[in-house]
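The structure under discussion appears below in the form of structure tokens.
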Amino acid sequence: MAKRCWLLLLGAALLLAGCASIGPGSVNRDRFDYNTALSESWKRQILLNVVKLRYVEPLCFVDVGQIVAGYSLETGVNVGARREFHDTPGPDDLMSVELGGTGKYTDRPTITYVPLTGTSFLRGVMLPIPAHNIMLNIQSGVSADIILSLTVGAINGLRNEAITTVGYRPADASFLRAIQLIRSLQLSGALRIKSIRPLPGQEVVAYVSFPARNISEETAAQVTELRKLLGLDPAAERYALIQGSASSGQEIAFQTYSLMQVLASLSVRVDVPDEDVVSHRALPGLPAEASRLNPNGTHIRFSESDPGTDAFAKVPFRGHWFWVDDRDLATKRVFSFILLAFTLLDETKRDSVLQLTVPTQ
């Protein structure tokens, strides 16, 4: 009997000891779960703001400032024994063993939300995206035609599409051809971008150049066509990238959009109920006769019911569901770019303050 009791006690102690440490096991789960949750919430926030712009409602962004996930695990075991016996051992002797255990698991995550207001809102949403940041991202491999069509309003006077208070203006054919050529030169390695900081503390200056040697006849013809479209001096070895509208033959002048304008470009591509437009609750969308959409194919749908797993992102708004089809690669790329745009707009070179702290006991 005593041997059996000690075996039970040993087994209970081993079981509780196996549950005593939850720290290492939580890392793999927490990093995945919080990463997925943050990504999904960010997509929904972008989609909601795009739809709100169509309904002439103010933008609002809420950032996640800090995540503190606290876990505690308390365990305990108790053992007791009692024996009653008479002066002379016999069948009336009694012996009992009491074995018990306790456990308590607590999960108390604390999440801090920070509304984007004031200077942060101005810098992140209202200011134009810096031109040199755009070109540096092209240099790092971001598709030139996608990033330029989304962020640049004009290049040396060639105008991209515009969403204004008086309606929609389609992009110039020469602008679309210019970004097509830039993308082709990017793929062939004939687009060179170099950043120079003249003096410590001064702004970075970006230069664009095209190699004259070891290129194919087709690439040379594309360089010549691009120079002609942009009015560039063919004898110049490099061209300074500037932000503005005026340009000499030695410069490439970008007029860039703000993130607000990028979102407005998406908002006119939102399907809304006809009655909301007729009753002036929502702005009209793109005209049916508009030429090439830019970004091409971007589309946000609406439905009366939850689209379920077919949606890449979805939000309920004004009694309808607005969503992006998970098979719509063009629109998904735009959403991914908008996440990148917040980085392009950050000129402070600050490290992320987002923290995930997991104290375990």
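Just to be sure I understand, how many residues within segment 212-248 are among the aliphatic types (A, V, I, L, M), exposed (fewer than 14 other Cβ atoms within 10 Å of the Cβ) and touching a strand residue (DSSP E or B) at 6+ places or on another chain (Cβ under 7 Å)?
Here is the first cut: in segment 212-248, the ones among the aliphatic types (A, V, I, L, M) are 212, 215, 220-221, 223, 226, 229-230, 232, 235-236, 240-242, 246.
Retained after the next criterion (residues that are exposed (fewer than 14 other Cβ atoms within 10 Å of the Cβ)): 212, 221, 235, 246.
Add one more test, that the residue is touching a strand residue (DSSP E or B) at 6+ places or on another chain (Cβ under 7 Å), and what stays is 246.
So the count comes out to 1.
Working carefully through the options A131, A190, A171, find the one that is in contact with a helix residue (DSSP H, G or I) (Cβ under 7 Å, 6 or more places away or on another chain), buried (at least 18 other Cβ atoms within 10 Å of the Cβ) and at negative phi.
It is A190.
Looking only at residues that are surrounded by 14 or more Cβ atoms within 10 Å (Cβ to Cβ) and assigned to a helix (DSSP H, G or I) in segment 16-37, which one is modelled with the lowest pLDDT?
So the residue we want is L16.
Residues that are out of contact with any Ser or Thr (no Cβ under 6 Å at 6 or more places or on another chain), aliphatic (A, V, I, L, M) and at pLDDT 90 or above: which strands (runs of 3 or more DSSP E) entirely in segment 272-361 hold 3 or more of them? Quick ask: steps written out before the conclusion?
On the way: elements: 301-303, 311-317, 320-325.
Output list reads 311-317.
What strands (runs of 3 or more DSSP E) completely inside segment 132-246 contain at least 1 residues that are more than 28 Å from the chain's Cα centre (by Cα)?
Strands (runs of 3 or more DSSP E) meeting the threshold: 167-169, 192-196, 205-209, 239-243.
Out of (1) in contact (Cβ under 8 Å) with a residue 12 or more places away in the chain; (2) farther than 24 Å from A330 by Cβ; (3) not acidic (D, E), the odd one out for T151 is which?
The single condition T151 does not satisfy is (2).
What is the one condition in (1) more than 27 Å from S303 (Cβ to Cβ); (2) touching a residue at least 40 places away in the same chain (Cβ under 8 Å) that L266 does not satisfy?
(1)
The values are calculated or read from the model by the stated rules, or taken from the named source; none is laboratory data. Bear in mind that the values here come from a model prediction, so they are computed numbers and not experimental data. Please note: Cβ atoms are built from the backbone with ideal geometry, for glycine as well, and neighbour counts cover all protein chains shown.
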